[in-house]
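Student: The structure is given below, and queries will be raised subsequently.
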Amino acid sequence: MKRRSFLKKSLKTAGVVPVIGASFPAIAKNRYEWRMVTSWPKGLPGLGTGAERLAETITKLSGGRLIIKVYSAGELVPALGVFDAVADGTAQMGHDASYYHLGKTEGSAFFTSFPWGLTANEIQAWVKYGNGQKLWDELYKPFGIRGFLAGNTGTQMLGWFRKEIKSLEDFKGLKFRAPGNQGKILKKLGAVPVILPGGELFTALQSGTIDGAEWVGPYNDLSLGFYQVCKYYYSYGYHEPGAALQLTVNEKAWQSLDNDLRSLIKTVAEATNHDMLAEYNARSGPALKTLVEKHGVKVMALPEEILLECGKAANEVLNEVYENGSYIVREIVQDFLKFRKEVIPWTRISEQAYLNARRLPFDFKLKI
Ligand code: CA
């Protein structure tokens, strides 16, 4: 009797339920139905479709054990309310950009793109093989959520302007949509930064509420029709050299999941990171051609003396973030700078060197 009750007790402790008449204990597989809120208008190319594909892939690969229903901007919560919705459990998952939430923590900027920071390849390297993910987990812990890289737009465009930018004077009083730290940089240079979600930009440009806007790059910007209002399309996208998107998961919901489903979410988020970047790279060339040839858009580069001022302002912003930062924000800034310093010499003699070489007056030409 003693032995039997011990056996019963130990089985119970191990969480295994013995099934009478079965040779092996049955494996209980839980089913989950989750909501994923996003910042994106329904079907928005790249961001919206990428988030939808992520949800579909998890649902499919889990064999229907984890069904994810996607809500576009405003369906369940406002476009910029995704972080709160995941933190308070209104939704178990969210897809947006971490830098929309500087009001929560300034550290969030580094997991989208800090101005003059990391390219798409480099941010992935930092998060996955540097200290990025560990620091990110610590940053989000007090909010009861965790974040994963889940998409990247690649290098963005500086944005759309009604007039040519010839000197710093042209920034004075310019009402320009620029979220995050780019807003702070432009403010230092005399502009008036405005934060608006993507779905509201065209109307704001058309009505004159804003004079110009940055959003993403040719693929997205063509679909939102900004060329109808602004004709000058500027690089350099120093403000978002490789803008990452985040998948956020409510911590309690995460803990309630079976281990294999947690691994599945991580793997699909990583796949989405590659998938979205590939989509942006494939579609941006043809979209740029359409903007220039069909819609008469003028592609411009910010004069270097202005670009340099943007760099100096970015350094001021970084120092403010550091000075006012909590312990973890300071840790992130330090690690970001360390990684950046290590990776730049390598990028310079590898990808950057090749891209420079490609500027030489040579191109392939078939002879027949
Ligand atoms: Ca942007």
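The values are calculated or read from the model by the stated rules, or taken from the named source; none is laboratory data. All figures in this text were calculated on a predicted structure; none of them were measured in a lab. A quick note on method: Cβ atoms are made from the backbone with ideal geometry, for glycine too, and the neighbour counts reach across all protein chains shown. These accessible areas exclude ligands, DNA and RNA; they are computed on the full protein's heavy atoms, side chains included. Shrake-Rupley method; radii C 1.70, N 1.55, O 1.52, S 1.80 Å.
Student: Which entries in the list K128/K252; K104/K175; K60/K294; K69/K184; K141/K338; K163/K289 go over 31 Å, if you measure between the two C-alpha atoms of each?
Tutor: Those over the limit are K60/K294; K69/K184.
Student: Using modelled amide H (1.01 Å from N, peptide plane; none on Pro or chain starts), what sits under 5 Å from the amide H of L66, excluding residues fewer than 5 places away?
Tutor: Those lying under 5 Å, H to H, from L66 are Y32.
Student: Give me a comma-separated list of calculated 3J(HN,Hα) values for the stretch 102-113, in order, Karplus coefficients 6.51, -1.76, 1.60 applied at θ = phi - 60°, integers in Hz, x for any Gly or Pro.
Tutor: Result, rounded to whole Hz: 4, x, 7, 7, 5, x, 4, 4, 6, 9, 10, 5.
Student: Same structure, new question: Could you grab the relative contact order for the stretch 161-260? Cα pairs under 8 Å, six or more apart, rounded to a whole percent.
Tutor: On the way: 98 pairs, mean separation 29.2, N = 100.
Averaging sequence separation for qualifying contacts and normalising by length gives 29 percent for the stretch 161-260.
Student: Non-local amide H neighbours of G237 (under 5 Å, H modeled in plane, Pro and chain starts lacking H): which ones?
Tutor: L158
Student: Let me ask you something else. Hey, with R₀ at 30 Å, roughly what FRET efficiency would K163 and F364 work out to, going by the Cβ-Cβ distance, to 0.05?
Tutor: Values: r = 38 Å, r/R0 = 1.25.
Given R0 = 30 Å and the Cβ-Cβ separation, E is 0.20.
Student: Can you compute the helix-only [θ] at 222 nm over the chain? Use -39500 (n - 2.57) per DSSP H run of at least 4 residues, normalise by all residues, nearest 500 deg cm²/dmol.
Tutor: -14000 deg cm²/dmol
Student: Show Y140, Y71, Y129, Y236 ordered by accessible area, largest first, where the area counts protein heavy atoms only and the probe is 1.4 Å. Could you put the intermediate results ahead of the total?
Tutor: Values: Y140 0, Y71 40, Y129 185, Y236 90 Å².
My answer, sorted largest first, is Y129, Y236, Y71, Y140.
Student: Within 14 Å, Cβ to Cβ, of G43, how many net charges do the neighbouring residues add up to if Lys/Arg are +1 and Asp/Glu are -1?
Tutor: Cβ neighbours under 14 Å give a net charge of -2.
Student: Quick check on packing: order 180-188, 323-331 by the mean number of other C-beta atoms within 10 Å, highest mean leading.
Tutor: 180-188, 323-331
Student: Then there is this: Please sort by residue number the trypsin sites (Lys or Arg not before Pro) in the stretch 21-104 whose DSSP state is loop and whose Cβ has at most 15 other Cβ atoms within 10 Å.
Tutor: Numbers: sites: K29, R31, R35, K42, R53, K60, R65, K69, K104; in loops: K29, R31, K42, R65, K104.
Taking the stretch 21-104 and a limit of 15 other Cβ atoms within 10 Å, the loop trypsin sites (Lys or Arg not before Pro) found are K29, R31, K42.
Student: Here's a follow-up. Where the only charges are on Cβ atoms (+1 Lys, Arg; -1 Asp, Glu), what is the dipole of the chain about its Cα centre, to the nearest 20 debye?
Tutor: The calculation lands at about 1460 debye.
Student: What are the ³J(HN,Hα) values, in whole Hz, obtained from phi via the Karplus relation 6.51 cos²θ - 1.76 cosθ + 1.60 with θ = phi - 60°, for each residue of the stretch 120-129 in sequence order, with x given for Gly and Pro?
Tutor: 4, 5, 6, 5, 5, 5, 5, 5, 7, 10
Student: How many percent of the accessible area of the stretch 89-200 is carbon or sulfur, using a 1.4 Å probe?
Tutor: On the stretch 89-200, the fraction of accessible area on carbon and sulfur atoms equals 53 percent.
Student: So, one more: List the residues, sorted by chain then number, that are 5 or more residues from G151 or on another chain and whose placed amide H is less than 5 Å from its amide H.
Tutor: The answer is L245, N273.
Student: Read phi for every residue in the stretch 226-233 and hand back ³J(HN,Hα) as whole Hz from Karplus 6.51 cos²θ - 1.76 cosθ + 1.60, θ = phi - 60°, with x for Gly and Pro.
Tutor: 4, 4, 5, 10, 10, 9, 9, 10
Student: So, for the chain, what is the accessible surface per residue at a probe of 1.4 Å, expressed in square angstrom?
Tutor: Values: 19260 Å² over 368 residues.
On a per-residue basis, 52 Å².
Student: Kirkwood Rh over alpha-carbon pairs of the chain, then Stokes-Einstein at 37 °C and 0.692 mPa s: what D in µm² s⁻¹, rounded to an integer? Spell out each step's value before the answer.
Tutor: Working: Rh = 22.4 Å.
Once the numbers are plugged in, D ends up at 147 µm²/s.
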